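Since the structure comes first, as structure tokens, the remarks are kept for the end.
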Amino acid sequence: MMCNLRYFSILLLLMMAACAPVPVPIGYYNNCAMDFADSLNRYTMRFSGSKSIADAKDFICGEMRKHADTVMVQSRNVQLNDSLSVTLNNIICKFNAGYHDRVLLYTNYDQNPFSGDTADCASGAALLMSLSRYFAERDPGCGIDIVFFDGRFAYLNDSTINGHLRYCLGAQAWAEDNKEIISQYQYGISVMHSAHKDAFFAIDGNSNHFASRHFYFARSTAKLFDAETLFPEVIATPYYGDNTIVSAVAGVRSFCLAGQYLRNGNAEVIKNDHLKDIDNQRFEIIAKIIIETVYTSH
């Protein structure tokens with residue numbers, strides 16, 4: 001009887017192993033990220049309200065629907081000045097929708113009109129798109145929301161409004177319309193220009209709401225992967241962006257894996273995100289940092 005039981009247990013384990021999804025090497029995800037970055041780069045002049053960003057939105061939604069539980073578009077019409085209004089479209093993707101406790105991963109997908117670079121902001125969106133399959137195949141024990149913000153560079157021409165509230169308009173619309181679920185987020189990670197060869201870690205220096213425990217876990221993970229040469233600095237920087245809105249306005253404890261560099265000791269945003277400057281190894285390292293943080297730092 002014991003022999004039969006042992007045989008049955010072994011057979012059951014073998015059957016479960018046969019049914020389980022085959023783990024995909026991490027290199028698959030950074031290769032996908034490069035492909036997505038290349039695809040997004042073809043949507044030139046992705047300015048809020050343009051046909052190009054509408055096409056990019058459809059592309060992102062189509063890819064994310066392959067793996068996310070739900071993909072929805074949050075639209076908001078914004079009057080930028082007396083003569084110009086635009087419709088902003090945030091893309092909200094939910095994984096493991098049944099969990100109450102959630103992690104927020106976010107980036108913007110509109111292009112900076114001042115950079116003159118069609119690849120601007122492509123790397124953050126591309127990396128999160130590439131990770132959608134990973135999150136769909138492996139239950140991290142929490143829900144994951146990936147949000148692609150529009151309107152990062154749509155600018156309100158109103159000098160009476162506080163500086164960082166004059167842009168990042170998509171993030172502000174998201175914060176206003178999703179107040180009921182804000183408390184579900186354990187923390188958030190902003191991914192911006194993060195595959196650029198000059199990128200380094202930066203946490204939001206404008207807010208006390210950053211997720212210190214999870215940030216330091218991510219920092220330790222970066223060191224574990226010997227990424228100190230890729231991320232030479234860990235600083236708090238007075239940097240305005242979607243992470244400021246998510247942290248200071250919405251109140252989600254958040255930190256940023258940001259593409260910034262030091263010039264004369266000051267942090268500056270990388271304004272050029274040409275594909276030739278995107279490091280494939282950096283995609284892999286950042287993918288590992290996000291995965292280790294999300295799946296381990298509960």
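The values are calculated or read from the model by the stated rules, or taken from the named source; none is laboratory data. Keep in mind that this is a model prediction, so the values were computed, not measured. Here the Cβ positions follow ideal geometry from the backbone for every residue, glycine too, while neighbour counts run over all protein chains shown. Note: accessible area is taken over every heavy atom of the protein model, side chains too, but ligands, DNA and RNA are not part of it. Shrake-Rupley method; radii C 1.70, N 1.55, O 1.52, S 1.80 Å.
Residue 121 meets all of the listed conditions (1) open to solvent by less than 50 Å² (accessible area, probe 1.4 Å); (2) of a type in the set (A, V, I, L, M, F, W, C); (3) over 19 Å from residue 184 (Cβ atoms); (4) modelled with pLDDT of 85 or more but one, namely (4). Within the stretch 61-79, the set of residues being buried (at least 17 other Cβ atoms within 10 Å of the Cβ) and over 11 Å from residue 90 (Cα atoms) comprises 63, 64, 67, 68, 78.
As a summary of the residue check, residue 170 satisfies the conditions (1) surrounded by fewer than 24 Cβ atoms within 10 Å (Cβ to Cβ); (2) at pLDDT 90 or above; (3) over 14 Å from residue 287 (Cβ atoms); (4) not aromatic (Phe, Trp, Tyr) except for the one numbered (1). If you go through the stretch 39-71 and pick out every residue that is more than 19 Å from residue 135 (Cβ to Cβ) and not in a helix (DSSP H, G or I), you end up with 9. Scanning the stretch 92-106 for residues that are over 16 Å from residue 245 (Cβ atoms), aliphatic (A, V, I, L, M) and open to solvent by less than 30 Å² (accessible area, probe 1.4 Å) gives a single hit, 103.
For residue 36, the requirement of being surrounded by fewer than 19 Cβ atoms within 10 Å (Cβ to Cβ) and assigned to a helix (DSSP H, G or I) is not met. Taken over the stretch 130-153, the criterion of being open to solvent by less than 40 Å² (accessible area, probe 1.4 Å) and closer than 30 Å to residue 166 by Cβ is satisfied by 145, 146, 147, 148, 149, 150, 151, 152.
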